[in-house]
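**Student:** Provided herewith is a single structure, encoded as structure tokens, for subsequent inquiry.
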Amino acid sequence: MSDIYDLIIVGGGPGGIASAVEAYIFKIKKVLLIEKGDNHSQTIRKYYKDSKRVDKVWRKQEIELIGNVDFFDGTKESTLDHFDSLLEKGIIDTQYNSEVYSVIKKENIFKVTSSKGDFYAKNVIVSIGRMGKPNKPPYELPRSLKAIINHNAYDCGGEENILVVGGGDSAVEYACQLTTVNKITLSHRGIHIKDANDINLEMITRYEKEKRLTVLHNSTTIAIDDKDGKAQVSFADKTSIIYDRVIFAIGGTTPIGFMQSSSIDLDEKERPIFSEEFETSVEGLYLAGDIIYSKGGSIAMAINHAYTIITDIMSKN
Ligand SMILES: Cc1cc2nc3c(=O)[nH]c(=O)nc-3n(C[C@H](O)[C@H](O)[C@H](O)COP(=O)(O)OP(=O)(O)OC[C@H]3O[C@@H](n4cnc5c(N)ncnc54)[C@H](O)[C@@H]3O)c2cc1C
């Protein structure tokens, strides 16, 4: 316990990086950032397609930045470069390839248990997002089709007949981007796509009109079976179509197990309870970014949480 950090940040996505930068600006001395991947921003690296447009207004959430960390419209690559440059200054002690399992407070000090050992801190920010466990459909998926049922677009080859499931920005972006070399169908449950931002709505409407893809509105998948190594998808309207690949772009889940093992109080819907400053029921333990929203937040929101949390920590010291 000789080395007690002033602050440990768990998760090196936008929320974690912004927390690290704000901590540096506010002169919090001993800060450690722990990330389970081999680099920061694993959600962006794994789930954003190369060259993806990154919008500051995401899921129609218009956010004005309140802190010291800037963020602007760009691409996957420019966003990663931006976060690289924020961390590059070498200002933060960073530990990669280290997964945190729990954060337990005892005698006013947090013990952060990770795959690389235990670390101790006075305050902890957990910003581990929701994409560690992407949402799955309510029916069982055949194990034999594991390679062609995905949650991102990384494994798509080309000239494939692909079904993208989802009605939000990620689904629309995957669907449109993949049309260049694939035959794409987008299946979503609504009568109209309404969860996407204006740019994506315009794009999907145009692509549909130009017959660059097919959109199945009011469509629910109810089962997937293995048909000679391909995905035979059954829909609620009793139709069934065979695809080379299916991509579920239906968001991620709140890491409830992590929060329970860290003694964070949850409400009746298993959502974390937190203050306006994003402090949980455990004093000194904060949540930032997507982890606090049941439907996911945005990069700008995560960046703002960081500023609010760090100013709260400062006000208590
Ligand atoms: C396909 C897609 C497209 C998107 N496009 C946009 C967009 O254009 N604009 C926008 O504003 N938002 C977009 N978003 C949403 C945006 O990515 C999130 O709101 C944002 O990344 C949330 O940041 P975060 O720091 O909370 O979590 P994340 O970005 O998910 O980062 C969490 C980090 O924590 C690490 N981690 C997880 N568990 C542990 C653990 N136990 N121990 C240590 N580390 C851990 C992960 O490896 C990861 O690096 C998109 C999301 C998706 C999926």
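All of the numbers you see were taken from the coordinates with simple rules; none came from a lab. Here the structure is a predicted model, which means the values were calculated and not measured. Here the Cβ positions follow ideal geometry from the backbone for every residue, glycine too, while neighbour counts run over all protein chains shown.
**Student:** Would you mind computing, in nm to one decimal, how far apart the modelled labels at ILE109 and SER85 are, each placed 7 Å from Cα along Cα→Cβ?
**Tutor:** 4.0 nm
**Student:** Now for a separate question. Rounded to whole Å and sorted largest first, list the principal axis extents of the Cα atoms in the chain.
**Tutor:** 62, 36, 33
**Student:** Which aspartates and glutamates have a Cα less than 13 Å from the Cα of LYS316, not counting those fewer than 8 places away in the same chain?
**Tutor:** ASP6, GLU277, GLU279, GLU283
**Student:** Checking a compactness column here: for region 143-248, what do you get for Rg(Cα) / (2.2 N^0.38 Å), N being the number of residues? Provide the component values of the computation, followed by the final result.
**Tutor:** Working: Rg = 12.9 Å, N = 106, 2.2 N^0.38 = 12.9 Å.
For region 143-248, the normalised Cα radius of gyration comes out at 1.00.
**Student:** Give me a comma-separated list of calculated 3J(HN,Hα) values for region 117-123, in order, Karplus coefficients 6.51, -1.76, 1.60 applied at θ = phi - 60°, integers in Hz, x for any Gly or Pro.
**Tutor:** Residue by residue, region 117-123 yields x, 9, 10, 10, 8, 7, 9 Hz.
**Student:** Would you mind telling me which residue in ILE66, ILE104, ILE191 has the biggest mean-square fluctuation in a Gaussian network model of the chain, where springs connect alpha carbons within a distance under 10 angstrom?
**Tutor:** Looking only at ILE66, ILE104, ILE191, the largest GNM fluctuation is found for ILE191.
**Student:** Reachable lysines from LYS183, Cα under 18 Å, same-chain residues fewer than 8 places away excluded?
**Tutor:** LYS49, LYS209, LYS211, LYS230
**Student:** Please report the spacing between the Cα centers of region 206-229 and region 153-189 in Å, no decimals.
**Tutor:** After rounding, the separation between the Cα centres reads 9 Å.
**Student:** Sticking with this structure for a sec: Between ASP93 and ARG143, what is the label-point separation in nm under the 7 Å Cα-to-beta-carbon projection?
**Tutor:** So the two model labels end up 4.3 nm from each other.
**Student:** Which FRET efficiency, nearest 0.05, do ILE256 and GLU159 yield, Cβ-Cβ r, R0 35 Å?
**Tutor:** Working: r = 40 Å, r/R0 = 1.15.
Efficiency for this residue pair is about 0.30.
**Student:** What is the log10 of I(q)/I(0) for region 209-317, computed with the Debye formula using one identical point scatterer on each Cα and no solvent, at q = 0.09 Å⁻¹?
**Tutor:** Those come out to -0.45, one per q.
**Student:** ³J(HN,Hα) across region 149-165 via Karplus (A = 6.51, B = -1.76, C = 1.60, θ = phi - 60°), whole Hz, x for Gly/Pro?
**Tutor:** 10, 10, 10, 8, 9, 5, 8, 5, x, x, 6, 9, 9, 10, 9, 9, 10
**Student:** Note down the relative contact order for the chain as a percent, whole number, built from C-alpha pairs under 8 angstrom at least six residues apart. Walk me through the numbers before you get to the answer.
**Tutor:** Numbers: 667 pairs, mean separation 71.7, N = 317.
Normalised by residue count, the contact order of the chain is 23 percent.
**Student:** Quickly work out the ARG206-to-LYS116 label distance, labels modelled 7 Å from Cα along the C-beta direction, and quote it in nm with one decimal.
**Tutor:** Placing both labels 7 Å beyond Cα along the Cβ direction yields 4.4 nm.
**Student:** Which of these, MET131, MET203, MET301, has the largest mean-square fluctuation under a Gaussian network model of the chain (Cα springs below 10 Å)?
**Tutor:** Comparing MET131, MET203, MET301 in the GNM, the peak value goes to MET203.
**Student:** Amide H neighbours of GLY13 under 5 Å, at least 5 residues apart or on other chains, H built in the peptide plane: list them.
**Tutor:** Long-range HN contacts for GLY13: SER41.
**Student:** Now a separate question. GNM on the chain, C-alpha springs below 10 Å: top fluctuator among ARG143, ARG271, ARG130?
**Tutor:** ARG143
**Student:** Near the amide H of ALA223, under 5 Å away, which other amide H atoms are found, from residues 5 or more places off or on another chain, if H is placed in the peptide plane?
**Tutor:** Counting only residues 5 or more places away or on other chains, the set is SER234.
**Student:** Could you work out the relative contact order of region 143-248, using alpha carbon pairs under 8 angstrom and six or more residues apart, expressed as a whole percent? Can you show the working numbers first?
**Tutor:** Numbers: 206 pairs, mean separation 35.6, N = 106.
Computed value for region 143-248: 34 percent relative contact order.
**Student:** Now, a different point. Would you mind calculating the gained length between THR75 and ILE242 on full extension (0.36 nm times residue separation, minus the Cα-Cα distance), in nm to one decimal?
**Tutor:** Details: separation 167, 0.36 × 167 = 60.12 nm, distance 3.30 nm.
Result: 56.8 nm gained on full extension.
**Student:** Starting from the Cα-Cα distance between SER102 and VAL181, subtract it from 0.36 nm times their residue separation and give me the gain in nm to one decimal.
**Tutor:** Working: separation 79, 0.36 × 79 = 28.44 nm, distance 4.34 nm.
My answer for the length gained is 24.1 nm.
**Student:** Hey, with R₀ at 25 Å, roughly what FRET efficiency would ARG271 and LYS46 work out to, going by the Cβ-Cβ distance, to 0.05? Kindly include the intermediate steps, with their values, before the conclusion.
**Tutor:** Numbers: r = 25 Å, r/R0 = 0.99.
Computed FRET efficiency for ARG271 and LYS46 comes out at 0.50.
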